[in-house]
Amino acid sequence: MPTNYQPRLGEMLIEAGFVNSQEVERAVEFQSRLGGKLGAVLIRLGALSEDNLLKILSIQLDMPIIEDIPIDIAPLLNLIEKSKIDQDWWLDQEVVAWETNDSIHCMAQDPLSDTIHEVFHNIFPEQNIIWYLSRQQDLDRILDSLSKASTDENFGDTDDVNLLRELAEGAPVVEFVNNMFSQAIDKRASDVHVEPEEHTFFVRYRVDGVLYEHLNLPKERFNPIASRIKLISGLDIAERRLPQDGRLNTRVSGQDLDIRVSCLPGVHGESIVMRLLPKERQTSGLNELGFAPDHYKMFNDWISEPHGIILVTGPTGSGKSTTLYAALDAVNDRTQKIITVEDPVEYQLGGITQVQAHSEIGYTFASALRSILRQDPDIVMIGEIRDKETSEIAIQASLTGHMVLSTLHTNDAVSAFTRLIDMGIEPFLVSTSVRAVQAQRLVRRLCDCAIPTNPLAIIQEQVKRVLPTELVAQAPIWKQAVGCQKCQHTGYQGRVGIYELVYLTAEMQNLILQNSPIAEMRNLASQQGFRNLREDGFVKAYQSITSVEEVLRVTEETI
């Protein structure tokens, strides 16, 4: 190979691990038929995010990526006026520029265009011209602002269904939506929110349970983008007054995704939320969920029992399903019949019969459970106990020799007993069928950039009282979040569970039978070595897994 050989873009992207050779070959074949630049084609195919493309282009072209994008368009308009070139030329060429001291700063859809370079050198012969790579949405936002400065026409803000369908199938909108998904995957987002307001709309990503603003764009661009999302997820683009739910399967940044779409009409337009579910994600083992040593042993003992109900409680998004899947994987030794009933089945497990409930046709958890119990199961997993009928069948199953795993929506572990009683279950059935309850939350893991800290003395004393025996000899390593490029300056990367586990002792069963207040149950649990969510979080902060601030954000003080 010659010493002056310059690697091609596709080779550089493969070497960086952003795409594979098959995706590049597919893009080249697509490019040979329909034209376009390789990078844009890869984005349109959903194989690459624009951010990753720009990183490689910056190296290949030795051109910086702009970070400080002008908000005020006055300097842009001033330079247009100074150039004596009609504003339509700037909009047609998709180029913007502004002046600082003796330099001209330029962004363009094609920063390598010979035509644009020739024009700039002719009209600004004495000045230093600095060219930047930019995200397409940033350039589009500025061009939209320039266009508005000279016209009142808003072609994107239309209600014409045929025009919206045409715009939704156009290359710019297709690339925008695919790039939005690719960037979400690159940032490890679990959900994408597209939210319109009066004059703008926002794209936000939920990363590690927290929403971050990703884009803020003019309202005129919302309808075509919303129509594209609805079109590919099988929804009616003409319906904007009623909520709609859809789904789509696609491949994004090398991953096969199942995307669930929810549209909710609002005052300024439809709020669109997309849940991203990678199809190829691996089931986490129990030892990967963040259990402290004592909790790990307790939970393993619970799921090894021959019968009874084990409940995992917590709000939506607290990792309950992940815990149940890990539990099933741990007990799945192919010597037992395991059946689940879920809505929806989030991911598939080998050696387990998984049943999808369809409430819209009357196939509910309760009706599915009746059929499941005729299948001679040893272990049954119910996605969620939602009503009295489901809970009665689950209790009946546990009393006839089955192990039942399920979830319940309560704020803490002890509240699960009163929740079942409130559903109409007799206290004696709750006390005899439920073996144990685990409540959980997810806290963000500290990034490697975290620095040592020294929390309040009261927190350190609280941890000493509840520290598991296995960790007593370990010196505390308290740390606080800082933020770096690796963690996108959040200070955190990934999440881990915090837990509270309550086993039904004879004393606890007696309190349930008496329908005692929750406070009495909590006091008894505390006397028996129970550690609440906040205390378990502080134990993980003691080990520098998370921070005290993060634990305080996620948990509430137990009364």
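The values are calculated or read from the model by the stated rules, or taken from the named source; none is laboratory data. Predicted model, so just to flag it, every value in this text is computed and none were measured. Here the Cβ positions follow ideal geometry from the backbone for every residue, glycine too, while neighbour counts run over all protein chains shown. For accessibility, only protein heavy atoms count, side chains too; no ligands or nucleic acids. Shrake-Rupley method; radii C 1.70, N 1.55, O 1.52, S 1.80 Å.
Below is a table of values for the structure above.
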read-out	value
Percent carbon-and-sulfur accessible area, the range 420-559, ignoring ligands, DNA and RNA, probe 1.4 Å	51 percent
P(r), alpha carbons of the range 284-375 - 10 Å bins starting at zero, rounded %	14, 44, 34, 8, 0
Local electrostatic count, Phe176, Cβ distance below 11 Å [Lys/Arg +1, Asp/Glu -1]	+1
Partnerless Cys - the chain, beta-carbon criterion under 4.7 Å	Cys106, Cys263
Highest-first arrangement of 467-478, 214-225, where packing means the average Cβ count within 10 Å	214-225, 467-478
Average accessible area per residue (Å²) across the range 332-414 - probe 1.4 Å, nucleic acids and ligands excluded	45 Å²
Within the accessible area of the range 235-276 (1.4 Å probe), percent carbon and sulfur	50 percent
Label zone at Glu99 (point 7 Å along Cα-to-Cβ), backbone N below 16 Å, the range 57-93	74-86
Antiparallel bridge percentage (DSSP; both residues within the chain; nearest 5)	65 percent
Å² per residue, accessible surface of the range 214-278 at 1.4 Å	42 Å²
Accessible area of Arg419 in the full protein assembly, 1.4 Å probe (Å², nearest 10)	90 Å²
Highest to lowest packing among 252-264, 9-21, 111-123, scored as the average C-beta count within 10 Å	252-264, 9-21, 111-123
Built amide H within the under 5 Å cut-off of Ile129, gap 5+	Ile104
Expected 222 nm ellipticity per residue - DSSP helices of 4 or more, -39500 (n - 2.57), all of the chain, to 500	-11500 deg cm²/dmol
FRET efficiency, Glu461 to Arg26 (Cβ-Cβ, R0 56 Å, nearest 0.05)	0.40
Efficiency of FRET from Cβ geometry, Leu211 and Val119, R₀ 45 Å, rounded to 0.05	0.60
Solvent-accessible area, 1.4 Å probe, carbon plus sulfur percent, for the range 95-144	41 percent
Inter-site label distance for Asn332 and Asn78 at 7 Å from Cα along Cβ, in nm	6.5 nm
Formal net charge of residues neighbouring Gln480 (Cβ-Cβ distance under 15 Å; K, R +1; D, E -1)	+2
Nearest-ten-degree value, helix 320-331 long axis tilted from longest Cα axis of the chain	60 degrees
Options (1) 214; (2) 134; (3) 161 - which one matches volume of the Cα convex hull per residue in Å³ as calculated here	(1)
Mean-position separation - Cα centroids, the range 82-130 and the range 275-340, in angstrom	59 Å
